[in-house]
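The values are calculated or read from the model by the stated rules, or taken from the named source; none is laboratory data. All values derive from a computational prediction rather than experimental measurement. As a convention, Cβ positions derive from the backbone with ideal geometry for all residues, glycine included, and neighbour counts pool all protein chains shown. To get the accessible areas, we keep the full protein, side chains included, count just its heavy atoms, and leave off ligands, DNA and RNA. Shrake-Rupley method; radii C 1.70, N 1.55, O 1.52, S 1.80 Å.
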Protein chains: 2
Amino acid sequence: MNKIITISREFGSGGREIGRRLAEEMKIAYYDQEIVAALIKCTQNLEDYIRYMEKERPLPLLPITTARTFGLSTNHAVTENLNFYMQESKIIREVAEKSDCVIVGRCADYVLRDMNPIRLFIYADMEYKIARCKAKGNDIENLFGSELQKKIVSIDKKRSRYYQFYTNQTWGKMEHYDLCINTSCYAQIKKIIPGLTALLDLI
Amino acid sequence: MNKIITISREFGSGGREIGRRLAEEMKIAYYDQEIVAALIKCTQNLEDYIRYMEKERPLPLLPITTARTFGLSTNHAVTENLNFYMQESKIIREVAEKSDCVIVGRCADYVLRDMNPIRLFIYADMEYKIARCKAKGNDIENLFGSELQKKIVSIDKKRSRYYQFYTNQTWGKMEHYDLCINTSCYAQIKKIIPGLTALLDLI
């Protein structure tokens, strides 16, 4: 079975960067939301894919990829979101079956639960996340102070609702992960426990 | 400032053993509930200590050591518990000021919060904890199956209530810790991410 590492992360905690660098370090594949979306669009003829999804969706796939059961929805937005989730889940399973990889976000810990991934959760204190967002200059760079904090909170709320909806599990609840790392404290951890292997190799 | 590592842990997760071995590995002092209790009894004249506590207690110490405020309690059991908590907290601060150390349990993460400890939380799946309790043959060795599970749950509930009471924080909530390790998955983590330094040194 392939080595699979899934990373769930709070916005601004640096989880995606850790995922990317971890994949580089281990010389394995890296996937995140953008890459999975691009794969859905680019690696095959979209119309073929849609036909395939139409043929198989929605109920036969749902028990594999979500913890919820649905009746046939008449709400177009819901159907569209469900379809996209199923496409994502299918791509995620395909890439995980193909090679060792790191996958950031997209409920990958849940989608791949039968493949025993290592499930990391990366989080940080708000102060650290605000400072990191400012330093990174990403698309919310024009927000400051309490507005930036509100934005960070709202992005994580969205992630939490998304995860809850598709997995019926609580996002960020320790028991669903194997290792949870607070990046705001990590410089101190490394200073106090050199290399950290001293601790971790004891287990 | 001394290097201080506090360990909070679910019963049966192996947290205490990790703490002891970590202290050995780092060649620093190790303290847990039994050792702190023994220190209170043995390292000084108990009567002197009680006089000292009587002189300073209860209100002047409370804002330092607990997040709660109390009126003067007329409940003897509550007063006794509070006194013991204050004695413990005082000893914990004394040993942490004296040298580098690992402290397991006793709300040490909260008691020493102004000393910037590294705060670890060690947890595990129920199946792992049951197997570990059986293998260890500790004082609940005569319980089996659901009875053993009930006991494990009840011990952790007690720990949770104790922590909540004295710190006004939720025990086992990720945000209060720097690193949370699921020991039941750790063998797999080591297999998939060799040494784990590859990951942790990237942060």
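Among the listed pairs A:LYS129/B:LYS191; B:LYS98/B:LYS158; A:LYS136/B:LYS191; A:LYS3/B:LYS27; A:LYS27/A:LYS190, those with a Cα-Cα distance over 26 Å are A:LYS129/B:LYS191; B:LYS98/B:LYS158; A:LYS136/B:LYS191; A:LYS3/B:LYS27. Chain B's nearest residue to the axis relating it to A, judged by Cβ and reported with the distance in whole Å, is B:CYS180, 2. Using a simple spin-label model with pseudo-atoms 7 Å out from Cα toward Cβ, B:SER154 and B:LYS191 lie 3.6 nm apart. Relative to the other identical copies, A:ASN83 shows label-point distances of 7.3 nm, where the label point lies 7 Å from Cα along the Cβ direction and values run shortest first. Within the full protein context, the accessible area of B:TYR162 is estimated at about 60 Å² for a probe radius of 1.4 Å.
Segment B:113-186 gives an Rg/Rh value of 1.03, both radii derived from C-alpha positions and Rh following Kirkwood.
Copy-to-copy label distances for B:VAL153, where each label lies 7 Å from Cα along Cα-to-Cβ, are 3.4 nm in order of increasing length.
Working from label points 7 Å from Cα in the Cα-to-Cβ sense, the B:ALA38 to A:ALA77 distance is 6.4 nm. Determine, from the Cβ-Cβ distance of A:ALA131 and A:LYS27 and an R0 of 22 Å, the FRET efficiency 1/(1 + (r/R0)^6), rounded to the nearest 0.05. That pair, A:ALA131 with A:LYS27, gives E of 0.10. Loop-located trypsin sites (Lys or Arg not before Pro) in segment A:106-157 (DSSP state not H, G, I, E or B) with no more than 16 neighbouring Cβ atoms inside 10 Å do not occur.
Over the whole of A:23-33, what's the average partner chain Cβ count within 10 Å per residue? Rounded to a whole number, please. The shielding value for this peptide is 1. Extending 7 Å from the Cα toward the beta-carbon at both B:PHE84 and B:ASP100 defines two label points whose distance is 3.3 nm. Relative to the other identical copies, A:LYS27 shows label-point distances of 3.6 nm, where the label point lies 7 Å from Cα along the Cβ direction and values run shortest first.
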